[in-house]
Amino acid sequence: MLEIRKTPMVAVAAAIVLFPLLAAAIPAMNHYTGIMVFAGIYCLITIGLSILMGYAGQISLGHAAFFGIGAYTSGILTTQIRIDPWLALIAGILAAALVAVAVGAPSLKLKGHYLAMATLAFGIIVNIVFREQVALTGGPDGMGGIPRMQLFGLMIDSTQKFYYLVWALVSGAFLFTVNLLQSPAGRALRAIHTSEPAASAMGIDIARTKIIVFVYSAALASLAGSLYAHYMNFINPSSFDLFFSIKLIIMITLGGMHTLWGAVLGSILIAFLSLEWLHFFEEFEIVVYGGILLAVTIFLPHGLAGVPAMLRNRLRR
Amino acid sequence: MDKITFASQLLQYTVTGITIGSVYAMVAIGFNIIYNVTEIINLAQGEFVMLGGLVMVFLQVSLGLPVVIAFAGTVLIVTLVGLVLDRLAIRPIRQPSVLTLIIATIAASIMIKGAAMLIWGKDPFDLPAFSGRTPILVGGATIQPQYLWVVGFLVVTVIGLTLFFNKSIVGKAMSACSENADAARLVGINVQHMVLLSFALSAAIGAVAGLTMTPIALMEYDRGAMLAVKGFGAAILGGLGSFPGAICGGLILGLIESLGAGLLSSGYKDAYALVVLLAVLFFRPSGILGNLEVTRFKRF
Amino acid sequence: MDRKMFRAVMVCIAFFLLGTLTMCQKKAAEVAEYKVGAVFSVTGRASFLGDPEKKTAEMIVEQINQAGGINGIPLKLIVYDDEGDATKCNLQVKKLLEQDKVTAVIGPSISGLSLAVIPVFEKAQTPLISCAASYKIVHDEATGKPYKWIFKVPQSDSLAVEAIYTNMQGKGINKIAIISGTSGFGASGRQELIRLAPEYGMEIVADEKYDPKDTDMTAQLTKIKGLEPQAIVNWSIGPTQVTVVRNWRDLGMESIAFYQSHGFGSRKNIELAAGAAEGVLCPLGACNIADLLAADHPQKAVTMKYAENYKAKYNESLSSFGGHAWDAMHLLVDALKAVGADKAKIRDYLETKKGFIGQHGVFNFSPDDHNGLTKEAFQMVMVKDGDWALVN
């Protein structure tokens, strides 16, 4: 998983680049590019979150909060102080990282489910703050007028352009994460994944490594949030609620939490299910999500990414 | 209307706080029962409370059954749901880890909530109060009779559970499981049955909490999540796994919420319980009455 | 990624494309018709808004087509359900504009979503008639004027507040407490209550809030009780507005007059209050009390007719919110009849429309007012014997 073979990479890159052209050509698929923009934004979050879950074995039930911190930091700084969106984006990442340290450090020293509970509470508190601090965030009505982003003088003001921006960043984050997993911190993480006691015996600081992973995942979520804010030009607190945090968990579980590809696959699938294919179920899509989550947890513990390996094992018998 | 004194106001906040605190305490007790035997945090606990209210509405209001029969029926039905939860969502997991179990209970809670939405729709429902709505005036504060029912059932539950765990064979077997599952297995206790029983008990207690609080606060399909989070906060505050802790934790949490909303800002009311939860996790994870031993993962 | 994984991914992509292509529908042969779009929160947290709105819009389109269409041309309505979600609303609005190529759009149902899609319509230069209440929808903070292409039909909260304050003045009330939900609707109402208080000589002694999911407001009401206001104004929608009334009764506070927002306007709420709502006052749009209106009231005819038609078609009593869709749809139909399917002409027509008799008021639009209503759009009613009664 950690090696990057050339041919598959080129094929996937080509698919990403060509997709908007395909979507524009087929009438029923015209709006799919828009859906893929959201899928890409979700991917940015799930890439970080999946190594938290798959490697560090921790679960965050409040990642929507970091997504929101990125979105609101970008929104507030670009509308009230009018700084450059990219600077605001970096500010958002720093804010999210700081908060992640504050929340993660005490929780990750403990075992098991404490981070889950801490992030659950934290996510709800942050959402309440978004709703209550009306002067800063616009309250439940939301905040509008968020400007568009610019890249080297080019205004990113169409769905197509935003698509390429988002997916370029997703590719970058993906490659960066793979490289990170090969760095000393990454090796420590893989050691922890294999066996915590053994890793501890080798002198690896387990808590510290987990905190680093948590902060990293928060930073990526914040990046995604900033992009979301600049794409929608409008944000309100209901996009950053507990249900979105759970949707993220569903994306990773469905795709497979042990590989990065799983995160990407799960994000794209859930984006399409949620924004397009489950319209038939209307509001009962929530039951479908629960069913998917349960079925995957019981029958496909490695998610869809684990299916080829499962099939291989079956066929060998 | 006479001017209400500050003392009366405080008394009112206290009354409300104890009432809602009793509900949190019951949810916390439910958490603890399952946690003690299996070390699972059942995030679907709040859904049992929600179902308790809604099923009672169905039995008492839609079908017109007398209160006592509807009560028994509700507890039975929700207990069944608890059993199904264990059998279909928890037991089938082949490689249980803390992560997958949390996810499984989340999945279960989503499905129960969705089913409730399908069956009852999204409107809130009301139940007639058990003994009428004439308020009792004490020291300038008004106490609804239903408040007393809620606290009363908490007391009954606690007494019942204490007797069960200390005096009955089955209860003692469950306590044994929570101490050491392997040893319990060795002396012939069927651990899987104990797990099933713990879910059943939790569901039953949750149901009672739900049907006693509905005449006060109505009930709708999505109430479960917030109740679960706050109930969990109460459990952690009191010390995860400890029953006296659950009661203390629940009551304290209810009081903090009520006093906070009354004396500080009411916009942040929900946040009070959560901030307490975070504070406990950060500074004293073992809670007020829990022990400092960091938990091991139990096999079952 | 290894070879097996790569193949798996390729297979997935192939299935995906296949699945999508099979869902392609043949494009219908181009027929001369008027295409209008609608985005409502038919399901989700605001379904009590979007569901009657969708039903009303569809009922109107059916009636029009049965009568031969608009100037002989059939009317086609494309409705999408945004489920109360900002992301979905954004996507569907773009779909209506770019793929379905509609002439104009009505909706969304929620203020937050309406505000979110304003930039899209301004950019696409297409008229939008929103069915949401916030005044910010037709008021650009930067210029102080309405957005060029955006209109709205529901009364602003400020009008409801004015109706309440006028009634209070008549009773000699000047010391009040406000309690509101922290949702968009509640926050907006609270803002207006505070803003207009000095103008009507109201002193606000308490400003309490609660979460839309909260189940008990006795703490907040106890605090209010201690401050001895002459009246309480509650601003929220959903079950909390019933809970507050029940808490008010349970705490024995009936001597303090209780005013609800116009969100209270449904007989179901009176029922749920289990008798606690007797004597509660609230401002309502005419369509809610069609049968109570005087025979010579300008809106009497259209409101009675709508109630009748809706009940006949859907076998449920009309909803106040469906009335907004009625107003929006009929305005658009009126415009199409007058100027045809030209976006700019429709916009100009709407902006100068006067005397339009709707479910929620008589509308008089102007370039500075894209909402067109005054406080006369509300009638004060009181709950009496479990039903509405007019108050003078």
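The values are calculated or read from the model by the stated rules, or taken from the named source; none is laboratory data. Everything numeric in this text was worked out from a predicted model, so none of it was measured. FYI the Cβ positions are ideal-geometry reconstructions off the backbone, even for glycines, and counts take in every protein chain you see.
Of the helices (runs of 4 or more DSSP H) lying entirely inside region A:204-278, those carrying at least 1 residues that are more than 14 Å from chain C (Cβ to nearest Cβ) and not aliphatic (A, V, I, L, M) are A:206-232, A:242-255. For region C:50-159, the strands (runs of 3 or more DSSP E) that sit wholly inside it and include 1 or more residues that are buried (at least 22 other Cβ atoms within 10 Å of the Cβ) and touching a Cys at 6+ places or on another chain (Cβ under 7 Å) are C:104-106. Checking residue C:173 against (1) at pLDDT below 90; (2) in the same structural domain as residue C:231 (by TED's automatic domain parsing); (3) of a type in the set (A, V, I, L, M, F, W, C), only one condition comes out false. Which one? For residue C:173, the failing item is (1).
The residues listed here are A:295, A:309; of these, the one that is surrounded by fewer than 23 Cβ atoms within 10 Å (Cβ to Cβ), at pLDDT 90 or above, more than 23 Å from residue A:123 (Cα to Cα) and out of contact with any Cys (no Cβ under 9 Å at 6 or more places or on another chain) is A:295. Scan region B:176-199 for residues that are touching a residue at least 40 places away in the same chain (Cβ under 8 Å) and surrounded by fewer than 20 Cβ atoms within 10 Å (Cβ to Cβ) and jot them down. B:182, B:192, B:196, listed by residue number.
Tallying residues that are within 24 Å of the chain's Cα centre (by Cα) and part of a helix (DSSP H, G or I) within region C:190-209 yields 7. Taken as a whole, the structure leaves residue C:274 outside the set of residues that are within 14 Å of chain B (Cβ to nearest Cβ), surrounded by fewer than 24 Cβ atoms within 10 Å (Cβ to Cβ) and under 25 Å from residue C:188 (Cα atoms). With respect to the stated conditions, residue B:110 is crowded, with 20+ Cβ neighbours inside 10 Å and among the β-branched types (Val, Ile, Thr). Considering each residue of region B:53-80, count those that are farther than 21 Å from residue B:217 by Cα and in contact with a helix residue (DSSP H, G or I) (Cβ under 6 Å, 6 or more places away or on another chain), and give that number. Within region B:53-80, residues that are farther than 21 Å from residue B:217 by Cα and in contact with a helix residue (DSSP H, G or I) (Cβ under 6 Å, 6 or more places away or on another chain) number 4. For region C:281-316, a residue qualifies if it is among the polar types (S, T, N, Q) and either free of Cβ contacts under 8 Å to residues at least 24 places away in the same chain or in a helix (DSSP H, G or I) (or both), and the qualifying residues are C:288, C:303, C:309, C:315. Name the residues in region C:297-330 that are among the charged types (D, E, K, R) and within 12 Å of residue C:358 (Cα to Cα), would you? Scanning region C:297-330 gives C:300, C:305, C:327. Residue C:23 meets each of the listed conditions (1) surrounded by fewer than 23 Cβ atoms within 10 Å (Cβ to Cβ); (2) at pLDDT 90 or above apart from (2). Of all residues in region A:16-35, those that are under 21 Å from the mean Cα position of the chain (by Cα), among the hydrophobic types (A, V, I, L, M, F, W, C) and within 8 Å of chain C (Cβ to nearest Cβ) total 1.
Among the residues of region A:126-135, the one identified as in contact (Cβ under 8 Å) with a residue 12 or more places away in the chain and either more than 17 Å from residue A:239 (Cα to Cα) or facing another protein chain (nearest Cβ under 7 Å) (or both) is A:131. Within region B:143-175, restricting attention to residues that are among the small types (Gly, Ala, Ser) and within 17 Å of the chain's Cα centre (by Cα), the residue that is farthest from residue C:251 (Cα to Cα) is B:160. Can you tell me which residue is nearest to the chain's Cα centre (by Cα) among those in region C:45-87 that are more than 14 Å from chain A (Cβ to nearest Cβ) and of a type in the set (Gly, Ala, Ser)? Ranking the candidates gives C:57 first. Residue C:258 meets each of the listed conditions (1) within 11 Å of chain B (Cβ to nearest Cβ); (2) surrounded by 19 or more Cβ atoms within 10 Å (Cβ to Cβ); (3) not in a helix (DSSP H, G or I) apart from (1). Screening residue C:187 on (1) under 27 Å from residue C:226 (Cα atoms); (2) in contact (Cβ under 8 Å) with a residue 12 or more places away in the chain; (3) within 23 Å of the chain's Cα centre (by Cα) shows it passes everything except condition (2).
Close contacts from region C:123-152, counting a first residue that is on the phi > 0 side of the Ramachandran plot and a second that is part of a loop (DSSP other than H, G, I, E, B), with Cβ to Cβ under 7 Å and a gap of 6+ residues or different chains, come to C:125/C:149. Filtered by the rule that a residue be surrounded by fewer than 17 Cβ atoms within 10 Å (Cβ to Cβ) and touching a residue at least 60 places away in the same chain (Cβ under 8 Å), region C:261-270 gives a lone residue, C:267.
Just to be sure before I move on: is residue A:170 in contact with a Cys (Cβ under 6 Å, 6 or more places away or on another chain) and either assigned to a helix (DSSP H, G or I) or within 18 Å of residue A:261 (Cβ to Cβ) (or both) in the structure I sent? When the stated conditions are applied, residue A:170 passes them.
Contact map, region A:17-37: first residue farther than 22 Å from residue C:85 by Cα, second residue buried (at least 17 other Cβ atoms within 10 Å of the Cβ), Cβ cut-off under 6 Å, separation 6 or more or different chains; pairs are A:20/A:33; A:20/A:163; A:23/A:29; A:23/A:32; A:23/A:33. Only residues that are facing another protein chain (nearest Cβ under 8 Å) and aromatic (Phe, Trp, Tyr) were counted across region B:242-271, and they come to 1.
A count restricted to region C:345-368 and to residues that are under 17 Å from residue C:324 (Cβ atoms) and surrounded by 17 or more Cβ atoms within 10 Å (Cβ to Cβ) stands at 10. Taking the stated definitions as given, is residue B:213 buried (at least 24 other Cβ atoms within 10 Å of the Cβ), under 12 Å from the mean Cα position of the chain (by Cα) and not small (Gly, Ala, Ser)? Considered against the rule, which asks whether it is buried (at least 24 other Cβ atoms within 10 Å of the Cβ), under 12 Å from the mean Cα position of the chain (by Cα) and not small (Gly, Ala, Ser), residue B:213 comes out as yes.
Of all the criteria given as (1) within 12 Å of another protein chain (Cβ to nearest Cβ); (2) out of contact with any Lys or Arg (no Cβ under 9 Å at 6 or more places or on another chain); (3) within 30 Å of residue B:231 (Cα to Cα), the one not satisfied by residue A:138 is (3). When B:46, B:73, B:114, B:64 are screened for being at negative phi, away from chain A (no Cβ under 14 Å) and either out of contact with any strand residue (DSSP E or B) (no Cβ under 9 Å at 6 or more places or on another chain) or not in a loop (DSSP other than H, G, I, E, B) (or both), only B:73 passes.
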